[in-house]
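J.: Let me begin by handing over the structure; questions about it come next.
The values are calculated or read from the model by the stated rules, or taken from the named source; none is laboratory data. Since the structure is predicted, the reported quantities are computational estimates derived from the model, not experimental observations. No Cβ is skipped: glycine too gets one built from the backbone with ideal geometry, and neighbour counts run over all protein chains shown.
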Amino acid sequence: MKTLRPVDVVIVGGGWTGLTMAKELATRTPLKIVVLERGGPRKTRDYIDNMDELDYAVRLRMMQPIRDETVTFRHSVRDRALPIRQYGSFLPGTGVGGSGEHWSGISYRYYPHDFRRLSHIVEKYGRERLPEDCAVRDWPITYDDLEPDYERAERLMGISGKAGNLRGRQIEGGNIFEGPRSSEYPTPPMKLPHLAALFHDGAHALGYHPFPLPAATTSVPYTNPDGVARAGCSFCGYCERFGCMIGAKAQPTNTLMPVLAHRNNFELRTGAWVRRVIVEGGRVRGIRYVDSRGEEIFQPADLVFLASWTLNNTRLLLLSGIGEPYDPETGKGVVGRNLTHQVTVAAATVFFEKPLNGFMGAGSAGVAIGDFDAMDHSLVNFCTGGTLYTVCYGTRPIANFGVVPPGVRARWGSEWKKAALHYYDRTGLVRFYGEHLAYRANYMDLDPVYKDRYGDPLIRMTLDWRDNERNMVQFMTGRAVEIARAMGAVEITPFPGLKRYEVTRYQGTHIQGGTIIGANETDSVVSMYLQHWRVPNLFMLGASAFPQNPSGNPTLTAVALTYRAADAVIQRYLKNPSKLS
Amino acid sequence: MRRSRRHFLTVSATTLGGLLVYTLDRKAGRGHAQSGDIKIPLRFFTKDEALAISAAVARIFPSDESGPGASEAGVVIYIDRQLASAYGRDHYRYTQPPFESGAPEQGYQGKETPREIYRAGLKSLGRFHLLNGAAQDARLKQIENTPFFLLLRTHTIEGMFCDPMHGGNADLIGWQLIGFPGPRMGYFDDVDRHYGAAFRPKPASLAQILGRPVRPSEDTEP
């Protein structure tokens, strides 16, 4: 193993959180920073050649090569975990920018009640309404604490949208249920493709409060506070699962790399597969990785950030023996606990009389309602909320051809073909994503059988839905069908119901937990500054810190938390490199 | 590109798409297209296998009164190239043992590669292309819940609607059928303008849009 010269900072993972931290440190301090990224370099100019549905959206060329490493999955400790052999329920990206390159860009702030999830449920409905086995938490920070950092994250990316609550004043047309914002969105809402307009009008007619999706597919040309200029979205329809060929979708490569690329205190090493975080005497000494030529490298560093997504952040702590692994039988231990996904379903498949021209779209061009995030649960059999919405990604044919109304039974041959041709551009989805509570039996540990390409154990997910999620989906499916009727549907296929967690259906790359944030070290891994409780020169960035999934998509919050951690590191930790209080 | 056998599929130029040569093997010269028959070098299938698959995908996505189908799109050529490529050898799956059967929610756990699934599936088809239409449908009905058939159906849709650089969607016939324009720089002025009315820009392939060829993964992955 080759030992390199020490550097001040190593950041593991070159996605949104890792490169946001790199940008803050590189521009505000003289520290020498190295980012280790497992995948290769990516640039906006490469992306025009990628407008190919088969290679990118089906063969998934933006994603981590699953042949090298995957995840094993089982429903409960009684079952045998098996590897996810081909991607399904989530799609982790690789290369510079990580999943932040192929994301769809829907950029919610979490609601104020999301940060006091346990207290909120108990105060409103009593402790007896918490599902058995529930491990839901309050965050150690509030919405108000994070609001200035949400502002910074939105300005960084140029998020498009319409405020629904400006300093406490509700504004129709925005999400009136959102927490108070200190300012309007940086850019105006995106235009609405036809399906989104139908959803808006249908939901409005039913008395709901539709608002345009907050979008990182920026609506107009925008220059952010770092001086980075990006184009406005052109609705090409090659968005999620692709990199943006004109740089309109905020991605780490077009938003953060322009600031970092020419700084001489920043170095990006691609093709670096990190295997261990080396800790001695209660402090990280450095990172062990395999470089792009296959050589084992030790990179000493004074300060280390893990920003390698939820599953790998957790896995690196477990592989490196940092902190006590969580044990679901005893409830002891912290690393791996509070694994959550997001309750994501196509609540209603809606068939229309007229064509939608669905090929025009963008990853976050759509409309949502927050009425069921803010709902009262007194009279229903679940205690969580979520968002009903429609998004017009851009209908591409391989993924979307073949959907037929409930009356057509055939799945091949002339009858199927005729119906599928007719409905190809007359079909849309009313979607739902809802909160996924944390449960004591849903967690991550190292798999005892299956290994990655270097022989290291895979991470194992033990995960299943509970009746709370099933009941919530049933209720929301009913509301989605009502909205679909109000949109003018000629036929509707409701979601058949949530049964057991399945790895085969895409449900969003929004996995949380494993290294959760908390108020003390007995039941969490990191403090409110994302600092490891026991290893003060180790910080954990990203949604691995989230104690549960609060219905919304996690990226904006992960970046806001990174800004908050960067301030704490730069203003306080560097002066006194010990535990922040 | 290694080719272990010298099998060719002969199809009529008037059957396959309009005839456009860029949709076929890049070396299948332009002259062939005008001569009536095109000889397409096969990368994976034998000639008889290609004929059987060609007949099967034509039952899945038939050529009928609602428009052309898998025969005109060259779906069999698409499948042949995919199976010959890294995809056919399971480059896009985690293939470390042990292989165990699990719950359906744990996803496909089989050991067989797409190539092996096809070779076994072809045995169940027999000399499929010599059967009449009704007998072909009856045979497919018997296997319609097998992994082979489900893969064949998926590949049929892929071959109908992929960018023509992958060998299917000849002459953009699949995209024309459904009014999909293919990759474009964007639609900013049109996205909110045609509510309720069909807006159908003329389809173009990625190579046509860029004015230069793009190499598909089946020609670049190891």
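J.: Just to check your reading of the model, which residue among A:Ala301, A:Ala248, A:Ala215 is among the small types (Gly, Ala, Ser) and away from chain B (no Cβ under 14 Å)?
T.: Only one candidate qualifies: A:Ala301.
J.: Regarding A:Arg230, is this residue closer than 29 Å to A:Leu561 by Cα, more than 21 Å from the chain's Cα centre (by Cα), charged (D, E, K, R) and surrounded by 24 or more Cβ atoms within 10 Å (Cβ to Cβ)?
T.: Judged against the criteria, A:Arg230 is a match.
J.: From the list A:Ile278, A:Ile322, A:Ile287, A:Ile297, exactly one residue is part of a loop (DSSP other than H, G, I, E, B), more than 23 Å from the chain's Cα centre (by Cα) and hydrophobic (A, V, I, L, M, F, W, C). Which is it?
T.: Matching residue, one of A:Ile278, A:Ile322, A:Ile287, A:Ile297: A:Ile322.
J.: Given A:Arg241, A:Arg269, A:Arg285, A:Arg263, which one is farther than 22 Å from A:Tyr185 by Cβ and crowded, with 24+ Cβ neighbours inside 10 Å?
T.: None of the other options fit; the residue is A:Arg241.
J.: So, one more: With respect to A:Ser99, determine if the residue is closer than 27 Å to A:Gly158 by Cα, crowded, with 18+ Cβ neighbours inside 10 Å, more than 11 Å from chain B (Cβ to nearest Cβ) and out of contact with any Pro (no Cβ under 9 Å at 6 or more places or on another chain).
T.: no
J.: Only one of A:Leu421, A:Leu356 is in contact with a Lys or Arg (Cβ under 7 Å, 6 or more places away or on another chain) and within 21 Å of B:Trp175 (Cβ to Cβ). Can you tell me which?
T.: None of the others qualify; the one that does is A:Leu356.
J.: Answer yes if at least one residue in segment B:85-96 is assigned to a helix (DSSP H, G or I), more than 9 Å from chain A (Cβ to nearest Cβ), of a type in the set (D, E, K, R) and touching a helix residue (DSSP H, G or I) at 6+ places or on another chain (Cβ under 9 Å), and no otherwise.
T.: no
J.: Assess whether A:Val403 counts as being more than 10 Å from chain B (Cβ to nearest Cβ) and touching a residue at least 60 places away in the same chain (Cβ under 8 Å).
T.: For A:Val403, the condition - more than 10 Å from chain B (Cβ to nearest Cβ) and touching a residue at least 60 places away in the same chain (Cβ under 8 Å) - is not met.
J.: In segment A:482-515, which residues are closer than 30 Å to A:Thr70 by Cβ, within 14 Å of another protein chain (Cβ to nearest Cβ) and in contact (Cβ under 8 Å) with a residue 40 or more places away in the chain?
T.: Scanning segment A:482-515 gives A:Leu498, A:Arg500, A:Tyr501, A:Glu502, A:Val503, A:Thr504, A:Arg505, A:Tyr506, A:Gln507.
J.: To continue, here is another question. Given the residues A:Ala374, A:Ala362, A:Ala368, A:Ala348, which is the only one that is aliphatic (A, V, I, L, M) and surrounded by fewer than 23 Cβ atoms within 10 Å (Cβ to Cβ)?
T.: Checking each option against the conditions leaves just A:Ala374.
J.: Kindly indicate which of A:Glu502, A:Glu491, A:Glu521, A:Glu482 is within 23 Å of the chain's Cα centre (by Cα) and of a type outside the set (S, T, N, Q).
T.: A:Glu502
J.: Within segment B:189-212, restricting attention to residues that are farther than 19 Å from A:Tyr47 by Cα and at the interface with chain A (Cβ under 7 Å from one of its Cβ atoms), which residue is surrounded by the most Cβ atoms within 10 Å (Cβ to Cβ)?
T.: B:Val191
J.: Name every residue in segment A:153-198 that is under 17 Å from A:Thr557 (Cβ atoms) and either within 13 Å of another protein chain (Cβ to nearest Cβ) or in a helix (DSSP H, G or I) (or both), in order of residue number.
T.: A:Ala153, A:Glu154, A:Arg155, A:Leu156, A:Met157
J.: Residues in segment B:101-120: is at least one within 9 Å of chain A (Cβ to nearest Cβ) and closer than 30 Å to B:Phe180 by Cβ?
T.: Yes, because at least one residue in segment B:101-120 is within 9 Å of chain A (Cβ to nearest Cβ) and closer than 30 Å to B:Phe180 by Cβ.
J.: Please give the number of the condition B:Pro181 fails out of (1) within 10 Å of another protein chain (Cβ to nearest Cβ); (2) surrounded by fewer than 17 Cβ atoms within 10 Å (Cβ to Cβ).
T.: (2)
J.: Moving on. In segment A:179-195, what residues are under 28 Å from A:Phe115 (Cα atoms) and not β-branched (Val, Ile, Thr)?
T.: A:Gly179, A:Pro180, A:Arg181, A:Ser182, A:Ser183, A:Glu184, A:Tyr185, A:Pro186, A:Pro188, A:Pro189
J.: Before we move on, is A:Ala419 within 12 Å of chain B (Cβ to nearest Cβ) and more than 30 Å from B:Gly186 (Cβ to Cβ)?
T.: In short, yes.
J.: Ok, one more. With respect to A:Arg479, is the statement that it is touching a residue at least 24 places away in the same chain (Cβ under 8 Å) and surrounded by fewer than 19 Cβ atoms within 10 Å (Cβ to Cβ) true?
T.: In short, no.
J.: In segment A:30-52, what count of residues is obtained for those that are out of contact with any helix residue (DSSP H, G or I) (no Cβ under 6 Å at 6 or more places or on another chain) and under 26 Å from A:Pro577 (Cβ atoms)?
T.: Of the residues in segment A:30-52, 5 are out of contact with any helix residue (DSSP H, G or I) (no Cβ under 6 Å at 6 or more places or on another chain) and under 26 Å from A:Pro577 (Cβ atoms).
J.: Does segment B:153-162 contain any residue that is surrounded by fewer than 23 Cβ atoms within 10 Å (Cβ to Cβ), of a type in the set (Lys, Arg) and at the interface with chain A (Cβ under 7 Å from one of its Cβ atoms)?
T.: yes
J.: If you don't mind, there's one more thing I want to ask. Quick check on my filter: what residues within segment A:46-91 are more than 9 Å from chain B (Cβ to nearest Cβ), free of Cβ contacts under 8 Å to residues at least 40 places away in the same chain and either surrounded by fewer than 20 Cβ atoms within 10 Å (Cβ to Cβ) or in a loop (DSSP other than H, G, I, E, B) (or both)?
T.: A:Gln64, A:Arg78, listed by residue number.
J.: Would you pick out the residues in segment B:34-73 that are of a type in the set (D, E, K, R) and in contact (Cβ under 8 Å) with a residue 12 or more places away in the chain?
T.: Selection gives B:Asp37, B:Lys39, B:Arg43, B:Lys47, B:Asp48, B:Glu49, B:Arg59, B:Glu72.
J.: If you don't mind, there's one more thing I want to ask. Looking at the structure I just gave you, is B:Arg215 surrounded by fewer than 22 Cβ atoms within 10 Å (Cβ to Cβ), modelled with pLDDT under 95 and either more than 9 Å from chain A (Cβ to nearest Cβ) or assigned to a loop (DSSP other than H, G, I, E, B) (or both)?
T.: Yes.
J.: Ok, one more. Checking A:Gln571 against (1) in a helix (DSSP H, G or I); (2) buried (at least 24 other Cβ atoms within 10 Å of the Cβ), which test does it fail?
T.: Looking at each condition in turn, A:Gln571 falls short on (2).
J.: In segment B:97-133, how many are of a type in the set (Ser, Thr, Tyr) and assigned to a helix (DSSP H, G or I)?
T.: Number satisfying all stated conditions: 2.
J.: How many of the residues making up segment A:288-305 are of a type in the set (Gly, Ala, Ser) and surrounded by 18 or more Cβ atoms within 10 Å (Cβ to Cβ)?
T.: Result for segment A:288-305: 1.
J.: For residues in segment A:436-467 being touching a Cys at 6+ places or on another chain (Cβ under 9 Å) and surrounded by 23 or more Cβ atoms within 10 Å (Cβ to Cβ), which is nearest to the other protein chains (Cβ to nearest Cβ)?
T.: Once the filter is applied, the top-ranked residue is A:Tyr439.
J.: Can you work out which of the residues in segment A:29-45 that are modelled with pLDDT of 95 or more and over 24 Å from the mean Cα position of the chain (by Cα) is farthest from the other protein chains (Cβ to nearest Cβ)?
T.: Across segment A:29-45, the extreme among qualifying residues is A:Pro30.
J.: Looking at segment B:86-108 only, could you name the residues that are buried (at least 16 other Cβ atoms within 10 Å of the Cβ) and touching a Gly at 6+ places or on another chain (Cβ under 8 Å)?
T.: B:Gly107
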